[in-house]
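Inspection log for the structure reproduced underneath, given as structure tokens.
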Amino acid sequence: MKAEDKHPLTDYVREDRMPHIWCSGCGLGTAMSSFVEAVKKAKLEADNLVIVSGIGCAGRVAGYLNFDSYHTTHGRAIPFALGLKLANPKLKVVVFSGDGDLFAIGGNHFIHAARRNIDMLVICVNNFNYGMTGGQVGPTTPLEARTTTTPYGNIEHPFNLPYLACASGAVYVARWTVLDARRLTNSIAEALNKKGFSFIEILAPCPTTYGKRNKLPTGLDELELYKKHAILKHGADTKEADIVIGKSIITGKFIDIEKPTFSEIYAEMVHKIKSAKIGEE
Amino acid sequence: MVERFISGNVACAEGALKAGCRFFAGYPITPSTEIAEHMALELPKYDGIFIQMEDELASMAAILGASAAGTKSMTATSGPGFSLMMENLGLGIMMELPCVLVNIQRAGPSTGLPTLAAQGDMMQARWGSHGSYEIIALTPSSPQELYDLTIRAFNLAEEYSTPVLVMSDEIVGHMCERVSLHSEIEIKNRKIPSRPKAKYRVYETGEDLIPTIPNAGTGYRIHLTGLTHDERGYPAINAETQERLVKRLNDKITKNAASLVRVEQLFTEDAEVIVVAYGITARIAAAAVREARSNNIKAGLLRLITVWPFPDSVLKELASREKLRSLIVPELNYGQIYYEVERCSRGKSTTLVPKMGGEAHTCNEIYSAIKKSVSK
């Protein structure tokens, strides 16, 4: 193959692992291609970039991206990534996973990593259900939505993820739909160069297990829904970012603040211990 | 060389620092807490990282992440926390990431007796994570051994590219004794890949069956997964790959059992009855055996220092001796290692001497069992 025939992002994807396992109409492909575009845009040193994911459809991203990548246990991508980052602060660590993985089984790790301001980017591809296990209810399933374990409609209030991230202490919080591919790419590039705990929620269609039970039988149907309901509102109060069937979906960049990271404060403490000899009786 | 009068838990933390541990993630749980506290005090002085995590699941995941970055890492816990670490222990075994997990055992089930000793996690250590695997677990009997065996645990983890367990108990963890913080044990570090990056396959191994896994950020662009994977580290969900991978994971430990297994024998040469014990129980058993000898009973002691892989060949050889009439297994549980001893006993009478209540056996309890076994 001639160099000019090569796709410009080939180096970032494991071509020998294609085709991927995702269903037709799934939003994960767009999320992943926006991510690799963003890596290029952010001018990151690819050898230093580490991807960690948990379990589920989104968890498979780690295997398709050509960086050092770790496909860990269900819900534990964040603490695994924390270990990587704290042990080697030079690494750029990205957690790429799904709503069930990050916010049901992994919810506790998310809030604590945000609270500690661990320098990492967490990307959550939210498809409102557990896709890989066949479409069960998740912590982001909207009220009244049908899933295989809410056959009469969901009766549990879902998480508003940007609000949760914001309340837990994240320094960068944004939400996009996969229809906003360009804004999403720019936002990921921005977050990749942001210091501290950053969070991006990506709303993505899942026609196979969520859509077909909720009057959105094709991926295109859910994209139409985004087109109809999504409202771009940078700096919006995340309290208002609830996702309710039939109502507007607020997207945009909500939070972008500066705060010292865990590693920075830790390094300062180490410096003090070594220079002032505190801690020695 | 420094000698200090310290607890087993502090000795364990000192051993870890000596071995080169520079990352500790843990969640406080009695009776292991002093290990975390000592690491919190000391690690920053070594430019290491101490972090108290939100729970044990996160602690185990974090030390695997730190290991993936190339740092020697460790966590310490006790019974209920150990249970919570089991899933990610399996991930460490599957990804083949070196690290050390210390369990200062307490009485269970469940919350049990939080401040009192037991040896109730010995089978959880062996089989607690799901799937078929082999594990290396060491059982110290003294603060000095908590120091020495913690260093050895790090060495074995690095050498075999796998998590290694230190299975102690509350009494050894909390007792204070003189400990030599020596440097007599050679410190081993994991191998770094030497093959060119283009041709590199992360789980390709030589005859030793042990992979050389590059640290994150060194340009190899590896993929590690908890899924069944091929030599490239890529998921391969089929029977053939599962068989090849799991067989290698098991073989890399079992084929080296002879060098991994360490035991101590006392008066076993002519013994008619042998006590098999480990941890705090082994020290009391030694006194009971001496008491028996002073009363002309031919008793001996086999002290397990490596408990997994189990010293099958040592026990089978002892059990096959004609003079040997019976085996006695005192344990702070209702029978765990006892069943392993029975499995290797070649039909010789094997007696469990269980002890509940969070205390160690008295010397007399073990001595009585010895006496009874020879009077039959």
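The values are calculated or read from the model by the stated rules, or taken from the named source; none is laboratory data. Everything quoted here is computed from the prediction, not taken from an experiment. Every residue, glycine as well, gets a Cβ built from its backbone with ideal geometry; the counts of neighbours run over all protein chains shown. Remember, those area values only see protein heavy atoms, side chains included, never the ligands or the DNA or RNA. Shrake-Rupley method; radii C 1.70, N 1.55, O 1.52, S 1.80 Å.
Quick notes
- Annotation: B:Gly335 fulfils all but one of (1) at negative phi; (2) touching a strand residue (DSSP E or B) at 6+ places or on another chain (Cβ under 8 Å); (3) open to solvent by 10 Å² or more (accessible area, probe 1.4 Å); the unmet one is (1).
- Residue in region B:29-48 that is in contact with a helix residue (DSSP H, G or I) (Cβ under 9 Å, 6 or more places away or on another chain), within 30 Å of B:Asp251 (Cα to Cα) and within 11 Å of chain A (Cβ to nearest Cβ) present: no
- Every condition in (1) part of a loop (DSSP other than H, G, I, E, B); (2) without any contact (Cβ under 8 Å) to a residue 60 or more places away in the chain; (3) within 14 Å of chain A (Cβ to nearest Cβ); (4) open to solvent by 30 Å² or more (accessible area, probe 1.4 Å) is met by B:Ala198 except one, and the failing one is (1).
- The C-beta contact set for region A:10-23 (first residue more than 12 Å from chain B (Cβ to nearest Cβ), second residue open to solvent by 40 Å² or more (accessible area, probe 1.4 Å), distance under 7 angstrom, 6+ apart or interchain) comprises A:Cys23/A:Thr208.
- Of the listed requirements (1) open to solvent by 50 Å² or more (accessible area, probe 1.4 Å); (2) away from chain B (no Cβ under 14 Å), A:Glu264 misses just one: (2).
- Subset tally (residues that are over 14 Å from A:Gly27 (Cα atoms) and in a helix (DSSP H, G or I)) for region A:186-212: 8
- Residue within region A:220-228 that is buried (at least 16 other Cβ atoms within 10 Å of the Cβ), assigned to a helix (DSSP H, G or I) and more than 22 Å from the chain's Cα centre (by Cα) present: yes
- Residues being more than 7 Å from chain B (Cβ to nearest Cβ), open to solvent by 30 Å² or more (accessible area, probe 1.4 Å) and not in a loop (DSSP other than H, G, I, E, B) - total across region A:39-70: 3
- Restricting region A:24-38 to residues that are touching a Pro at 6+ places or on another chain (Cβ under 7 Å) and crowded, with 23+ Cβ neighbours inside 10 Å, the residue that is farthest from the other protein chains (Cβ to nearest Cβ) is A:Gly27.
- Entry remark, region B:1-28: residues being over 21 Å from B:Pro80 (Cβ atoms), open to solvent by less than 10 Å² (accessible area, probe 1.4 Å) and within 14 Å of chain A (Cβ to nearest Cβ) number 2 in total.
- In region B:250-279, the qualifying residues are those that are open to solvent by 10 Å² or more (accessible area, probe 1.4 Å) and of a type in the set (A, V, I, L, M), and the one that is farthest from B:Thr205 (Cα to Cα) is B:Leu266.
- Of the residues making up region B:52-69, those that are facing chain A (nearest Cβ under 7 Å), touching a residue at least 12 places away in the same chain (Cβ under 8 Å) and of a type in the set (Gly, Ala, Ser) are B:Ala58, B:Ala61, B:Ala62, B:Ala66, B:Ala68, B:Ala69.
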